[in-house]
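The values are calculated or read from the model by the stated rules, or taken from the named source; none is laboratory data. Quick caveat, the model's predicted, so the values are computed rather than measured. These accessible areas exclude ligands, DNA and RNA; they are computed on the full protein's heavy atoms, side chains included. Shrake-Rupley method; radii C 1.70, N 1.55, O 1.52, S 1.80 Å.
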Amino acid sequence: MKQENFKKQFKKGLLELGILKLLTESDHYGYSIIKEINTRSNNTLDLRDGTLYPILYRLEDQKIIESYWETQDGRGKPRKYYKITEIGKERYVNMLEDFNLVTGGINSIINQ
Amino acid sequence: MKYDKESYLKEVLKGIHTDRKTKKRIKEDLGIRIDDGYKEDPFFDLVIEMGEPSLVAEDFMENLDVIYPDLPFVIQQMVPYEYRSKANIFGLPLVHIHTGGAKNSSVAKGVLAIGDIAIGLVSIGGVSFGLISIGGVAIGAASLGGVAIGAFAGGGVAIGLYAAGAVAISLLKGIGAVSLVMFK
């Protein structure tokens, strides 16, 4: 696997975890997820629309998140917000456990 | 190239080959995303902030689950394809090949058109319209197909001035297992 492919695949898996983490804190709309992920990761993850929305569609189809429309004050057009469901919260906890377990194991190997 | 919201969305969607429902979803979400960008920054530049439309489309295609588990494997491998020759005649490409892949139907328009739906001087497709037309359903001056309609028609069911087929319905002359000639 080429270096670039490895990075892409690695990132794709972890982004789901990052997005769910944000949604456990508060509801978000698409653009705010992009900004938050990029700011918090110091732009190392460089999340783009073409990556974000397919992940959101997948999560929504699996009922891990759900969307709703809301019109903000002073803004004519409604925005689509995403919120995490109860199934999603469970999924997030499980994913986080797996992530810690795997990264812990890999760190042990690398640091030995 | 400078884009406005509509032309940008159109360009992105042109490169995304998936079902209509997902395309609609993407159009809606990217539309709101662009509105948000302009709201926060009046000088919001679509290409700088979001990338060239072709790259955005590529990114979507890479991340969308475009494999349909309910379809047989061979059908899943049918990917969308488009080729348009640089040479044009009367504004039409000399050759246009356009297929929507496993789930979508695309229209090919050219002097030689090959596609799910083909319209051209010479057309080959699932449904084809042309001077010379070959297809599942072929309509043209000279047509050959499962169902062929034309001045000269040949096929399973052929309807024309001159028709040849298993079932031939003709105005002037017909050849077939079942042949019906209107004016003898």
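Mean separation of Cα pairs under 8 Å and 6 or more residues apart, divided by the residue count, gives segment B:89-166 a relative contact order of 13 percent. Sorted largest first, the principal axis extents computed over the alpha-carbon atoms of the protein assembly as shown equal 88, 46, 37 Å. Taking every DSSP beta bridge that has both ends in chain B, the antiparallel portion is near 10%. Springs between Cα atoms under 10 Å define the GNM used for chain B, and in it the highest mean-square fluctuation of B:ASP41, B:ASP19, B:ASP29 occurs at B:ASP41.
Using Cα springs under 10 Å in a Gaussian network model of chain A, which residue among A:GLU86, A:GLU70, A:GLU36 shows the largest mean-square fluctuation? Greatest mean-square fluctuation among the candidates belongs to A:GLU70. Please work out whether segment B:74-184 counts as rounded, prolate or oblate from its C-alpha gyration tensor, where a ≥ b ≥ c are the square roots of the eigenvalues and a/c under 1.5 means rounded, while otherwise a/b larger than b/c means prolate and anything else oblate? Oblate.
Remark: for residue pairs A:LYS63/B:LYS2; A:LYS11/B:LYS109; A:LYS7/B:LYS23; A:LYS80/B:LYS2; A:LYS89/B:LYS14, the C-alpha separation exceeds 29 Å in A:LYS63/B:LYS2; A:LYS11/B:LYS109; A:LYS89/B:LYS14. Which angle from 0 to 90°, rounded to the nearest 10, does the C-alpha axis of helix B:5-14 make with the longest principal axis of chain B? Roughly 50 degrees, rounded to the nearest 10. Estimated purely from DSSP H runs of n ≥ 4, each contributing -39500 (n - 2.57), the mean residue ellipticity at 222 nm for chain B is -8000 deg cm²/dmol once divided by its residues.
Along segment B:29-43 the Karplus relation, 6.51 cos²θ - 1.76 cosθ + 1.60 evaluated at θ = phi - 60°, assigns HN-Hα couplings of 5, 5, x, 5, 4, 5, 4, 4, x, 5, 5, 7, 9, x, 9 Hz to successive residues, with x for each Gly and Pro.
The A-B contact accounts for roughly 2200 square angstrom of buried accessible surface, both chains included, probe 1.4 angstrom. The angle between the Cα long axis of helix B:53-63 and the main principal axis of chain B comes to about 80°, on a 0 to 90 degree scale. For chain A, relative contact order (Cα pairs under 8 Å, six or more residues apart, normalised by length) works out to 26 percent. Straight-line reach from B:LYS5: taking Cα to Cα under 14 Å and skipping same-chain neighbours fewer than 8 places apart, the aspartates and glutamates in range are B:GLU28, B:ASP29, B:ASP35, B:ASP36, B:ASP45, B:GLU49, B:GLU52.
List the relative contact order of chain B as a percent without decimals, with contacts defined as Cα pairs under 8 Å and 6+ residues apart.
Result for chain B is 8 percent.
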